[in-house]
Amino acid sequence: VAPGGYHLVFERGGTVKLNKDPAILGLRPAADITMSSIATLYGRAVVGAVLTGMGSDGTRGAIAVRAAGGSIIAQDEETSIVYGMPRSVIESHAADYVVSLGMMAETITRLCRE
(Lines give C-alpha, C1' and ligand atoms only; values in the text may rest on other atoms or scores of the structure.)
Protein backbone atom coordinates (compact mmCIF):
# COMPACT_ATOMS: atom_id res chain seq x y z
CA VAL A 1 0.00 0.00 0.00
CA ALA A 2 1.43 3.34 -1.04
CA PRO A 3 1.61 6.05 1.62
CA GLY A 4 -0.02 9.40 0.94
CA GLY A 5 2.03 11.66 -1.33
CA TYR A 6 3.97 8.84 -3.04
CA HIS A 7 3.43 6.67 -6.11
CA LEU A 8 4.29 2.99 -5.65
CA VAL A 9 6.09 1.54 -8.69
CA PHE A 10 7.29 -1.98 -9.45
CA GLU A 11 10.73 -2.26 -11.06
CA ARG A 12 12.79 -5.04 -12.59
CA GLY A 13 14.15 -7.61 -10.18
CA GLY A 14 11.09 -7.44 -7.95
CA THR A 15 11.96 -4.09 -6.43
CA VAL A 16 9.15 -1.83 -5.25
CA LYS A 17 9.91 1.88 -5.02
CA LEU A 18 8.14 5.01 -3.91
CA ASN A 19 8.47 8.25 -5.86
CA LYS A 20 7.10 11.76 -5.95
CA ASP A 21 6.48 11.91 -9.71
CA PRO A 22 3.66 14.26 -10.72
CA ALA A 23 0.13 13.45 -9.60
CA ILE A 24 -2.12 11.61 -12.06
CA LEU A 25 -5.74 12.80 -12.20
CA GLY A 26 -4.79 14.89 -9.18
CA LEU A 27 -3.74 11.80 -7.23
CA ARG A 28 -0.51 10.67 -5.63
CA PRO A 29 -0.55 7.77 -5.01
CA ALA A 30 -2.37 6.69 -8.16
CA ALA A 31 -3.43 3.08 -8.67
CA ASP A 32 -3.01 3.58 -12.43
CA ILE A 33 0.75 4.07 -11.96
CA THR A 34 1.16 1.00 -9.76
CA MET A 35 -0.93 -1.28 -11.95
CA SER A 36 0.68 -0.13 -15.19
CA SER A 37 4.16 -0.67 -13.81
CA ILE A 38 3.42 -4.24 -12.70
CA ALA A 39 1.65 -5.05 -15.99
CA THR A 40 4.77 -4.05 -17.92
CA LEU A 41 6.96 -6.38 -15.86
CA TYR A 42 4.79 -9.41 -15.18
CA GLY A 43 2.11 -9.38 -17.89
CA ARG A 44 -0.21 -12.36 -17.73
CA ALA A 45 0.99 -13.31 -14.24
CA VAL A 46 -0.71 -10.21 -12.78
CA VAL A 47 -3.96 -10.47 -10.83
CA GLY A 48 -5.24 -7.02 -9.96
CA ALA A 49 -8.16 -5.98 -7.79
CA VAL A 50 -10.03 -2.68 -7.82
CA LEU A 51 -11.92 -2.08 -4.60
CA THR A 52 -14.26 0.62 -3.31
CA GLY A 53 -13.10 4.15 -4.00
CA MET A 54 -13.94 7.46 -5.60
CA GLY A 55 -13.33 8.40 -9.21
CA SER A 56 -11.74 6.47 -12.04
CA ASP A 57 -8.25 5.81 -10.68
CA GLY A 58 -7.31 2.23 -11.48
CA THR A 59 -9.13 2.09 -14.81
CA ARG A 60 -6.11 2.87 -16.99
CA GLY A 61 -4.03 0.48 -14.93
CA ALA A 62 -6.65 -2.26 -15.23
CA ILE A 63 -6.71 -1.77 -19.00
CA ALA A 64 -2.91 -2.07 -19.05
CA VAL A 65 -3.04 -5.29 -17.00
CA ARG A 66 -5.63 -6.81 -19.33
CA ALA A 67 -3.66 -5.73 -22.43
CA ALA A 68 -0.61 -7.50 -20.99
CA GLY A 69 -2.66 -10.68 -20.46
CA GLY A 70 -3.31 -10.34 -16.73
CA SER A 71 -6.64 -10.55 -14.90
CA ILE A 72 -8.67 -7.86 -13.16
CA ILE A 73 -11.25 -8.31 -10.42
CA ALA A 74 -13.61 -5.47 -9.53
CA GLN A 75 -15.66 -5.21 -6.35
CA ASP A 76 -19.42 -5.35 -6.90
CA GLU A 77 -21.70 -2.40 -6.25
CA GLU A 78 -23.55 -4.08 -3.40
CA THR A 79 -20.48 -4.36 -1.16
CA SER A 80 -18.73 -1.13 -2.22
CA ILE A 81 -18.99 1.84 0.11
CA VAL A 82 -18.05 4.11 -2.82
CA TYR A 83 -18.65 2.43 -6.18
CA GLY A 84 -16.72 4.93 -8.36
CA MET A 85 -13.47 3.07 -9.03
CA PRO A 86 -14.95 -0.41 -9.55
CA ARG A 87 -17.77 1.04 -11.68
CA SER A 88 -15.28 2.83 -13.93
CA VAL A 89 -13.31 -0.38 -14.43
CA ILE A 90 -16.46 -2.39 -15.16
CA GLU A 91 -17.90 0.22 -17.53
CA SER A 92 -14.55 0.30 -19.38
CA HIS A 93 -14.83 -3.48 -19.90
CA ALA A 94 -11.56 -3.92 -18.03
CA ALA A 95 -12.90 -6.31 -15.36
CA ASP A 96 -12.66 -10.04 -15.91
CA TYR A 97 -14.58 -10.73 -12.71
CA VAL A 98 -16.99 -8.73 -10.56
CA VAL A 99 -17.27 -10.15 -7.05
CA SER A 100 -18.38 -9.19 -3.56
CA LEU A 101 -15.81 -8.07 -1.03
CA GLY A 102 -16.38 -11.35 0.80
CA MET A 103 -15.36 -13.33 -2.31
CA MET A 104 -12.35 -11.19 -3.20
CA ALA A 105 -9.65 -13.20 -1.37
CA GLU A 106 -10.99 -16.51 -2.66
CA THR A 107 -11.08 -15.21 -6.25
CA ILE A 108 -7.54 -13.83 -6.03
CA THR A 109 -6.28 -17.11 -4.57
CA ARG A 110 -7.99 -19.17 -7.27
CA LEU A 111 -6.59 -17.01 -10.08
CA CYS A 112 -3.09 -17.13 -8.63
CA ARG A 113 -3.23 -20.92 -8.51
CA GLU A 114 -4.42 -21.14 -12.11
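The values are calculated or read from the model by the stated rules, or taken from the named source; none is laboratory data. Keep in mind it's a predicted model, so treat the numbers as computed, not measured. When we count neighbours, we look across all protein chains shown, and the Cβ atoms used for this are built from the backbone with ideal geometry, even at glycine. Keep in mind that these areas ignore ligands, DNA and RNA; they rest on the heavy atoms of the full protein, side chains included. Shrake-Rupley method; radii C 1.70, N 1.55, O 1.52, S 1.80 Å.
Restricting the range 13-42 to residues that are among the aliphatic types (A, V, I, L, M) and free of Cβ contacts under 8 Å to residues at least 12 places away in the same chain, the residue that is farthest from residue 53 (Cα to Cα) is 16.
Taken over the range 54-64, the residue count meeting the criterion of being on the phi < 0 side of the Ramachandran plot and either out of contact with any Leu (no Cβ under 8 Å at 6 or more places or on another chain) or without any contact (Cβ under 8 Å) to a residue 12 or more places away in the chain (or both) is 7. Being under 25 Å from residue 15 (Cα atoms) and of a type outside the set (Ser, Thr, Tyr) holds for only one residue in 94, 62, and it is 62. Scanning the range 1-59 for residues that are aliphatic (A, V, I, L, M), under 24 Å from residue 76 (Cβ atoms), in a loop (DSSP other than H, G, I, E, B) and open to solvent by 30 Å² or more (accessible area, probe 1.4 Å) yields 1, 25, 51, 54. In the set 103, 85, only one residue is surrounded by 21 or more Cβ atoms within 10 Å (Cβ to Cβ) and not polar (S, T, N, Q); that residue is 85. Looking at (1) open to solvent by 40 Å² or more (accessible area, probe 1.4 Å); (2) not in a helix (DSSP H, G or I), can you tell me which one residue 63 breaks? Looking at each condition in turn, residue 63 falls short on (2).
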